[in-house]
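Enquirer: For reference, the structure I am asking about is given below.
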Amino acid sequence: MDLSALNQPQREAVLCVDGPLLVLAGAGSGKTRVITHRIVHLLERGAAPGAIVALSFTNKAADEMRERLHKMIGKAADELVLGTFHSVGVRMMRETPEGFGVPKRFGILDQGDQYGLVRTMLRDHGHHGPGAERRYDLGAIVQRISLWKNEFVSPEEAADPRRQESEYDQVAAELYPAYEERLGALGAVDFDDLVCRIAHRLAADAALCAFWRDRFHYLLVDEYQDTNRAQLEVVRRLAGPRENLCVVGDDDQAIYGWRGAKVANILGFDLYFPRARVIKLEQNYRSLPPILACANGVIVNNKGRHDKRLIPQRRGGEPVTVVVAEDGEQEARWVAGKIRKLVVDEARRPEEVAVLYRSAKQAEVIEELLQEHGIAYRILGGQAFYDRKQVKDVLAYMRVLVTPRDDLSVRRALDVPSRGVGSKTLARLDSFAQARGLSLLEAVHRARELPELGARQITALEGFSELVRRGQAIHHSGGSAVGALRSMITACGLRDAVAHDASSAEQASQKWAAVEGLFGGLERFEQRARDRGERPRWSDYFGTLDKEREEEGDQATGKVTLTTLHSAKGLEWPIVFILGCEEGTMPHKRVAAPRISDAIAGDIEEERRLFYVGITRAQDRLFLTRADARVERGQPQKRLPSRFLAELPAAHFTVYEVAKREALTTEALESMADALLARLATPG
């Protein structure tokens, strides 16, 4: 392998393969190149592809890494274990399933599913009075349960009053045991379980731990600053005495403390691995010098960090522009107008431009103005169509209809709308099915053969059985599968359940519109097959769903990007605007005044890191905008400049004040009108 294209620190990181290694990779320093070259070097030294594990935090990052490796080593890249902590956790649980407390074919709940469970449990536990759903932030409850899991806090420990500092802590602790029981009833885990259960099993079962250590000889972890306690424990257990572990990350880009990430994992790496070597990648190949000077000037003010700085490898560049507007409306109009000039007058491609902000609400007025200018845009971070709960519920019924041996879909369909079929009933159905080699649906059809079931449970199961049989009869008689699905959805009352869970009639209508959109897509798929004279191959349809989910919202060509600062991490653009550089927005007001729903207090150093991440997304030009005042609750409120602006080096930025708008008096308007009339009356 030719290493001549790598700089000296990059080569050192590639060649240092034995023992623990911390690679401090600054923004734009070529860390992915280091990881891929390191993997190839390990293969050249004789490591088996299946013995190399590279962990990232997104499937997209893992796919990009595999694509690069395909170009370097061909099909051998397919044998490498590349993925997220969660995907590797799934692999381990399915290959060695004993002791994880889940069926062999377990389901995985995503965030939308979790919110649905918590919403139902709030109602079941008497928290469904008038306005209850608006009173409790579902995300704040889910977050607390997630944080407890990743800190290895059991439901019993969470119930300790000494852990409960707010009403949200109390409610979350009340729901935590029921939440775990519901997961068991569904034969499912959430994403946290895919790491936490691995950590528990590796700690409790020495033979299992030895088995996986023997399989995984070399570990690489990307974005190590984003790891939490459970992920650290998995890494430590798998590394074992060999400690052939390379972690790559940047403590200056640690921005996920609010969801449990521990920047201490990277700051104290040598405490966990005393033999560790540290290599710094400081050369930046992305941004022009003025942008990096501003980034360095800001981040050096953090106390809890490794000593390093970004060194520009490009030359030239104009100073960063700090734009000062009178108010939020003027700020937005200036930004939208500037983007129009860039795209129309300077012929910059829309995909070269990004607008970053601290809160998604800041994008609303920018959206409207870009629409006025006829400029296409995309928004990162929204909920994908196929991730909406009501859409997944309908898809579960579709799978039951056309693939009736899909036990996971049967469990989901049984659960929505609620039929009173609890975890004990499902466990008895599971045992009955396994003892006789049946699918779960076949066990449902034979519910009367289970003497331990009560009359209410049998009635509910027979109702579901009849619902499915009628739908399958319509389908198999040559009718439309989608028509049969519509019949099932109408008969089970799913629309009423969706409306019941909505906070308003308008929201209920919007939620059901997504279901109608799904029906439309299913009908088009079915019709295309009929036009070819074929029966629809529904396995093909379901096989494309994951791909569509990945691609949805990811088409950037010809569109300006609007995104939160958190969602911008890992991306880059030639031209970047960062909105709202004011106290209370950047840094966020919750640093000084946290809300009752906040599970983790705000951190000014993390806010500074977030600002630093935003700055380092820009390649060529950077605009930092702020307003002197913003309208809050109908009244203009004075806003102070962000403290981070005062940390910018004076030699590397300029200030542009948007022209003030003068209020016109009645006399001035009358004078203008008289002048206009006089001009109109003048011949020629």
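Enquirer: Over the Cα atoms of segment 47-97, what Rg and Dmax result, in angstrom?
Expert: Rg and Dmax of segment 47-97, Cα atoms, are 11.2, 35 Å.
Enquirer: Moving on. Taking the Cα centroid of segment 79-131 and of segment 457-528, what is the distance between the two, rounded to the nearest whole Å?
Expert: 24 Å
Enquirer: Let me ask something else. Charges only on Cβ, +1 for Lys and Arg, -1 for Asp and Glu: so what's the dipole of segment 209-353 about the Cα centre, in debye to the nearest 20?
Expert: Using Cβ point charges on Lys, Arg, Asp and Glu, segment 209-353 gives about 640 debye.
Enquirer: Using +1 at the C-beta of Lys and Arg and -1 at the C-beta of Asp and Glu, which of L109, I73, L55 has the Cα lying farthest in the positive direction of the dipole of segment 52-109?
Expert: Final value for the positive-end residue is L109.
Enquirer: Another one. How many percent of DSSP beta bridges within segment 572-647 run antiparallel, rounded to 5?
Expert: Just about 50 percent of them are antiparallel.
Enquirer: Taking the Cα atoms of segment 280-424 alone, what are Rg (to one decimal) and Dmax (as a whole number) in Å?
Expert: Computed over the Cα atoms of segment 280-424, radius of gyration and Dmax are 24.6, 69 Å.
Enquirer: A further question follows. Under 14 Å from a point 7 Å along the Cα-to-Cβ line of A47: which residues of segment 2-33 have their amide N that close?
Expert: The answer is 13-23, whose backbone nitrogens lie closer than 14 Å to the label point.
Enquirer: Rounding to the nearest 20 debye, state how big the charge dipole of the chain is about its Cα centre with +1 on each Lys and Arg Cβ and -1 on each Asp and Glu Cβ.
Expert: The dipole of the chain has a size of about 1240 debye.
Enquirer: Could you tell me the accessible area of E64 in Å² (1.4 Å probe, neighbours in place), rounded to the nearest ten?
Expert: 100 Å²
Enquirer: Highest mean first, what order results for 614-624, 504-514 on Cβ atoms within 10 Å?
Expert: 614-624, 504-514
Enquirer: Now, a different point. Can you pull the accessible area of I198 for me, 1.4 Å probe, Å² to the nearest 10?
Expert: 10 Å²
Enquirer: With +1 on each Lys and Arg Cβ and -1 on each Asp and Glu Cβ, and nothing else charged, work out how big the dipole of segment 383-475 is about its Cα centre, in Debye to the nearest 20.
Expert: Once rounded to the nearest 20, the dipole reads 100 debye.
Enquirer: Using only the Cα atoms of segment 57-126, each taken as one equal point scatterer with no solvent, compute I(q) by the Debye sum, divide by I(0), and report log10 of the ratio at q = 0.26, 0.27, 0.28 Å⁻¹.
Expert: Summing over Cα pairs of segment 57-126 leads to -1.08, -1.11, -1.13.
Enquirer: Using modelled amide H (1.01 Å from N, peptide plane; none on Pro or chain starts), what sits under 5 Å from the amide H of E582, excluding residues fewer than 5 places away?
Expert: Close amide H contacts, sequence-distant or interchain: S642.
Enquirer: Could you tell me whether segment 479-525 comes out rounded, prolate or oblate from its Cα gyration tensor? Rule is a ≥ b ≥ c as square roots of the eigenvalues, rounded for a/c under 1.5, then prolate if a/b exceeds b/c, otherwise oblate. Working shown, then result.
Expert: Numbers: a/c = 4.76, a/b = 1.67, b/c = 2.84.
Oblate is the answer for segment 479-525, as a/c is 1.5 or above yet b/c matches or exceeds a/b.
Enquirer: Using the alpha-carbon centroid of each, what span in Å lies between segment 150-206 and segment 335-382?
Expert: Rounded to whole Å, the Cα centres lie 42 Å apart.
Enquirer: With the dipole of segment 283-332 worked out from charges on the C-beta (+1 for Lys and Arg, -1 for Asp and Glu) around the Cα centre, which of I291, P312, Q330 lies farthest toward the positive end?
Expert: Farthest towards the positive end: P312.
Enquirer: If I compute Rg and Dmax of the Cα atoms in Å from the structure I just sent, which labelled value in (1) 27.7, 91; (2) 28.6, 103; (3) 25.7, 81 lines up?
Expert: Correct label, based on the coordinates given: (2).
Enquirer: While we're here: Quick one: accessible surface of K149, probe radius 1.4 Å, all protein chains present, in square angstrom to the nearest 10.
Expert: Surface accessible to solvent at K149 totals approximately 10 Å².
Enquirer: Here's another thing I want to ask about it. What does the C-alpha gyration tensor say about the overall shape of segment 405-492? Classify as rounded when a/c is under 1.5, otherwise prolate if a/b is larger than b/c, or oblate.
Expert: Prolate is the answer for segment 405-492, as a/c is 1.5 or above and a/b outweighs b/c.
Enquirer: So what is the calculated 222 nm ellipticity per residue for the chain, using -39500 (n - 2.57) for each DSSP H run with n of 4 or more, over all residues, to the nearest 500 deg cm²/dmol?
Expert: Theoretical 222 nm ellipticity from helices: -15000 deg cm²/dmol.
Enquirer: Longer than 18 Å from Cα to Cα, which of K303/K589; K60/K389; K392/K511 are they? Say none if no pair is.
Expert: Result: K303/K589; K60/K389 exceed 18 Å.
Enquirer: Taking square-rooted eigenvalues a ≥ b ≥ c of the alpha carbon gyration tensor, is segment 292-338 rounded, prolate or oblate, where a/c under 1.5 means rounded and, failing that, a/b exceeding b/c means prolate?
Expert: Oblate, because a/c is 1.5 or more while a/b does not exceed b/c.
Enquirer: How much of the accessible area of segment 194-240, in percent, comes from carbon and sulfur atoms when a 1.4 Å probe is used?
Expert: On the way: 730 of 1580 Å².
Carbon and sulfur: 46 percent of the exposed surface of segment 194-240.
Enquirer: Sticking with this structure for a sec: Among residues other than Q457 whose Cβ falls under 10 Å from its Cβ, what is the net charge (Lys/Arg +1, Asp/Glu -1)?
Expert: Net charge around Q457: +2.
Enquirer: Roughly what % antiparallel, to the nearest 5, for the DSSP beta bridges in the chain?
Expert: Numbers: 6 of 59 bridges.
That works out to approximately 10 percent antiparallel.
Enquirer: Round to a whole angstrom and tell me the spacing of the C-alpha centers of segment 252-322 and segment 1-47.
Expert: Going from one Cα centre to the other spans 19 Å.
Enquirer: I've got another one for you. Towards the positive end of the charge dipole of the chain, with charges on Cβ (+1 Lys, Arg; -1 Asp, Glu), say which of S4, N150, N302 has the farthest Cα.
Expert: S4
Enquirer: To continue, here is another question. Roughly how many Å² is the accessible area per residue of the chain, as a whole number, for a 1.4 Å probe? Working shown, then result.
Expert: Working: 31780 Å² over 684 residues.
About 46 Å² of surface per residue is accessible.
Enquirer: A further question follows. Over the chain, what is the relative contact order in whole percent, taking alpha-carbon pairs under 8 Å and six or more residues apart? Provide the component values of the computation, followed by the final result.
Expert: Values: 1002 pairs, mean separation 127.6, N = 684.
Across the chain, relative contact order equals 19 percent.
Enquirer: K75 to R528: FRET efficiency via 1/(1 + (r/R0)^6), r the Cβ-Cβ distance, R0 45 Å, to the nearest 0.05?
Expert: 0.85
The values are calculated or read from the model by the stated rules, or taken from the named source; none is laboratory data. This one's a predicted model, so the numbers in the text were calculated from it and none came from an experiment. All Cβ positions, even for glycine, are placed from backbone atoms using ideal geometry, and neighbour counts span all protein chains on display. SASA here: full protein model, heavy atoms, side chains in, ligands and nucleic acids out. Shrake-Rupley method; radii C 1.70, N 1.55, O 1.52, S 1.80 Å.
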